[in-house]
Amino acid sequence: MSKETSEILFRPGLEGVPVTHSAICDIDGLNGNLTYRGYPIEELAAHSTFLETAYLLIWGELPTQDQLREFEAQVQMHRRVSFRVRDMLKCFPATGHPMDALQASAASLGLFYSRRAIDKPQYIYDAVVRLIAKIPTMVAAFQLIRKGQDPIQPRDDLAYSANFLYMLTEREPDPLAARIFDRCLILHAEHSLNASTFSARVTASTLTDPYAVVASAVGTLAGPLHGGANEDVLAMLEEIEKADGAGDFLDNAISKKRKIMGFGHREYRVKDPRASILQCLAEEMFARFGKDDMYEVATALEEEASTRLGPKGIYPNVDFYSGLVYRKLGIPRDLFTPVFAISRVAGWLAHWKEQLGANRIFRPSQIYTGAQKRAWLPLEERSNSIDA
Ligand code: CMC
């Protein structure tokens with residue numbers, strides 16, 4: 001391909017460039033609609049559970065009663081992690097970010113399971129069960145380990161979300177809190193070709209094992225422009241401090257070209273439908289468990305931003321209200337992104353399975369901008385100004 005043609009085709013960040021067919025999730029960013037396998041996100045968040053939604057995403061249909069019972073039982077059976085994984089987590093620095101601990105522990109699972117039958121339905125089922133079951137256990141284990149405690153074992157009498165909150169906080173959660181957390185997991189489970197899912201698909205396309213696929217996606221999710229934004233939103237709200245400071249904060253930030261965390265999305269030109277549902281969940285949490293002063297700051301910021309950023313199509317995204325819900329649930333701030341990963345693993349695995357079904361290794365091209373061919377210089381003849 002000529003350099004001129006490449007320049008015409010070049011889209012930084014692959015914006016608007018289709019790179020695969022996919023039947024998993026559809027986003028209508030102009031009208032703010034999101035569906036998983038054709039089901040509106042609002043209906044799933046109201047009626048489904050996270051495990052049922054994960055099954056839907058990965059296998060394409062809502063499970064029957066028997067399929068769901070079996071899937072839930074399998075996930076429950078595989079919640080425990082090997083003492084070797086727990087010992088590895090104990091070797092990590094307590095000051096390290098939990099996303100790094102999660103990335104390493106997710107990758108380590110590949111050491112325990114063979115990758116030979118990667119395209120067989122039973123291999124796929126088992127890998128899905130293990131990853132969905134063990135990731136919450138590993139996140140909770142690192143949290144207790146870094147506090148100097150031993151991880152606690154999962155409780156078989158608790159459903160998926162209640163068990164995670166129990167392993168994290170060492171207290172059986174209120175049923176409403178557990179249900180709200182489960183609904184948060186549904187909302188974060190899938191979102192087409194975001195950066196981490198693209199990363200998962202690229203890794204999957206090499207036919208490596210699903211543990212490497214998920215580890216690569218976890219590393220990608222960690223960045224502040226992606227999943228890491230939910231941590232930064234709370235820091236920003238605390239910086240604003242009071243609702244009446246929102247306008248000045250925005251003016252100042254916009255004049256300095258500073259991004260407002262939890263705002264803007266490559267796909268949406270209106271408020272992210274997940275942000276609207278999360279806002280309702282935050283209000284439910286505050287009505288039951290007491291208010292959070294930062295909520296007033298958040299709604300003031302959203303209102304002030306509507307006139308300043310709205311005309312550019314920049315509105316709250318999924319990360320804007322999620323942190324307020326998680327904080328009320330007692331989840332530490334630097335676990336917000338690992339919690340995102342607990343949920344998004346469902347979407348990553350759906351894309352892994354879909355990629356295997358019609359695989360072609362990803363290998364895009366580039367436009368070379370470096371030096372033209374030149375002669376090698378002996379050491380004593382070189383001089384350059386690179387700061388190394
Ligand atoms: N605050 C202020 N201005 C913004 C923001 C924002 N949050 N987002 C976009 N803009 C402006 C940007 O400055 C640019 O303006 P101009 O054309 O005048 O230079 C224009 O909108 C286009 O921005 P962009 O960064 O080129 O847009 P993008 O599609 O590459 O970025 C984004 C999407 C999500 C990375 C970006 O909106 C952003 O950085 N948001 C803040 C971080 C954040 O909340 N991330 C979570 C994303 S949703 C969940 C997830 O993916 O994990």
Seminar exercise, completed: Within segment 303-326, residues surrounded by fewer than 21 Cβ atoms within 10 Å (Cβ to Cβ) and either free of Cβ contacts under 8 Å to residues at least 40 places away in the same chain or touching an Asp or Glu at 6+ places or on another chain (Cβ under 8 Å) (or both) come out as 306, 307, 308, 310, 311, 312
Exercise. In segment 246-302, which residues are within 26 Å of the chain's Cα centre (by Cα), β-branched (Val, Ile, Thr) and over 16 Å from residue 323 (Cα atoms)?
Worked result: 270
For this session: Mind listing just one residue for me: the one in segment 172-198 that is within 12 Å of the ligand (Cβ to nearest atom), assigned to a helix (DSSP H, G or I) and of a type in the set (Gly, Ala, Ser) and, of those, surrounded by the most Cβ atoms within 10 Å (Cβ to Cβ)?
Result: 196
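Table: residues versus (1) under 19 Å from the mean Cα position of the chain (by Cα); (2) in a loop (DSSP other than H, G, I, E, B).
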{"residue": "306", "(1), (2)": "no, no"}
{"residue": "327", "(1), (2)": "yes, no"}
{"residue": "331", "(1), (2)": "yes, yes"}
{"residue": "334", "(1), (2)": "yes, no"}
{"residue": "337", "(1), (2)": "yes, no"}
{"residue": "348", "(1), (2)": "yes, no"}
{"residue": "351", "(1), (2)": "yes, no"}
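Taking the options 119, 150, 100, 126, name whichever one is out of contact with any His (no Cβ under 9 Å at 6 or more places or on another chain) and without any contact (Cβ under 8 Å) to a residue 24 or more places away in the chain.
Working: 119 fails: without any contact (Cβ under 8 Å) to a residue 24 or more places away in the chain; 100 fails: without any contact (Cβ under 8 Å) to a residue 24 or more places away in the chain; 126 fails: out of contact with any His (no Cβ under 9 Å at 6 or more places or on another chain).
On inspection, the qualifying residue turns out to be 150.
Give the residue, chosen from 49, 35, that is closer than 28 Å to residue 138 by Cα, surrounded by 13 or more Cβ atoms within 10 Å (Cβ to Cβ) and of a type in the set (Val, Ile, Thr).
After ruling out the rest, the residue left standing is 49.
Which one is nearest to residue 194 (Cα to Cα) among residues in segment 222-252 that are within 7 Å of the ligand (Cβ to nearest atom) and of a type in the set (A, V, I, L, M)? Give the derivation first.
Restricting attention to segment 222-252, the residues satisfying the condition of being within 7 Å of the ligand (Cβ to nearest atom) are 224-227, 229.
Right, trim to of a type in the set (A, V, I, L, M) and you get 225, 229.
Values: 225: 11, 229: 14 Å.
Among them, the one singled out is 225.
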For this session: For residues that are out of contact with any helix residue (DSSP H, G or I) (no Cβ under 7 Å at 6 or more places or on another chain) and farther than 19 Å from residue 52 by Cβ, tally how many sit in segment 178-212.
Result: 8
For this session: Examine segment 280-289 for a residue that is within 14 Å of the ligand (Cβ to nearest atom) and crowded, with 21+ Cβ neighbours inside 10 Å, and state whether such a residue exists.
Result: no
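Within segment 327-349, is even one residue among the hydroxyl-bearing types (Ser, Thr, Tyr), closer than 17 Å to residue 261 by Cβ and either away from the ligand (no atom under 16 Å from the Cβ) or surrounded by 13 or more Cβ atoms within 10 Å (Cβ to Cβ) (or both)?
Scanning segment 327-349, I find at least one residue that is among the hydroxyl-bearing types (Ser, Thr, Tyr), closer than 17 Å to residue 261 by Cβ and either away from the ligand (no atom under 16 Å from the Cβ) or surrounded by 13 or more Cβ atoms within 10 Å (Cβ to Cβ) (or both), so the answer is yes.
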For this session: Please determine, by comparing only the residues of segment 199-221 that are part of a loop (DSSP other than H, G, I, E, B) and either among the hydroxyl-bearing types (Ser, Thr, Tyr) or within 16 Å of the ligand (Cβ to nearest atom) (or both), which one is nearest to residue 352 (Cα to Cα).
Result: 205
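Every number in this text was worked out from the coordinates using simple rules, so none of it is lab data. From a predicted model like this one, the values you see are computed outputs, not experimental measurements. Glycine also receives a Cβ, built like all others from the backbone with ideal geometry; neighbour counts cover every protein chain displayed.
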